[in-house]
Amino acid sequence: MNEYANAPFEFRASQPHRILVVEKDPFLLQFNVEVLIRHGYEVKTAEDGATAWKELQAFNYNLLITEYKLPKVTGVALIKKLHAAHLALPVVLVAEKMPMHQLAKYPWLQPAATLLKPVAIDVLLDTVKNVLRATSSSLDNLVDRASTITPVLQELLEHGIEHTHWGLNE
């Protein structure tokens, strides 16, 4: 039995993660979408990079899964656009052969994960789960840090400590 059989209930307890899947092959696109939806994710699709870019500008997503070789705008070009627009979105790049030369040329383009085609269902689901978990953990850490910093600053302000003691005017 598949270990993911009970997974949807765990994920549906909270709001489902929104994923944009970009794939030029309609069969693979539909198959991946059905698998992800069955496991509790909210999924939108695009068949080319230009459509994907419009979708990313119009809606918020938790994850982008994109094929490398896409019509109009490639997967790597899509990652470049995300970076240029300062959109912090984890990306899973899927390819028959990884564009190592492009990824090496632009080290800041590193996707959160890469997958080689054909992608097994369990590998896809594990990758999605791990990338989303890592992203959520990073956001939780920021929230935790912000919540501990705020009371400290509040206490300093309440006790009337002058700003010169903060090292700002030195």
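The values are calculated or read from the model by the stated rules, or taken from the named source; none is laboratory data. Owing to the predicted nature of the structure, the values given are computational and were not obtained by experimental measurement. When we count neighbours, we look across all protein chains shown, and the Cβ atoms used for this are built from the backbone with ideal geometry, even at glycine. Side chains included, ligands, DNA and RNA excluded: accessible areas come from the protein's heavy atoms. Shrake-Rupley method; radii C 1.70, N 1.55, O 1.52, S 1.80 Å.
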Original post:
So for the pair residue 110, residue 37, with labels modelled 7 Å out along Cα→Cβ, what separation do we get in nm?
Top reply: 3.5 nm
Original post:
So how do 23, 34 rank on accessible area, 1.4 Å probe, biggest first, that is with the largest at the start?
Top reply: 34, 23
**OP:** Mind giving me the nanometre distance, one decimal, between the label points for residue 27 and residue 50, set 7 Å out from Cα along Cα→Cβ?
**Re:** 2.7 nm
Subject >> Cα gyration tensor shape for the stretch 17-104, rounded if a/c is under 1.5, else prolate or oblate >> reply: oblate
**OP:** Specify whether the C-alpha gyration tensor of the stretch 16-68 places it in the rounded, prolate or oblate class, a ≥ b ≥ c being the square roots of the eigenvalues: rounded for a/c under 1.5, otherwise prolate if a/b is larger than b/c and oblate if not.
**Re:** oblate
Subject >> Unsatisfied cross-links (Cα-Cα over 19 Å) in the set 80/129; 24/54; 24/44; 44/129; 54/80; 81/117 >> reply: 80/129; 81/117
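In nm, what is the difference between 0.36 nm times the number of residues separating residue 96 and residue 72 and their Cα-Cα distance?
6.8 nm
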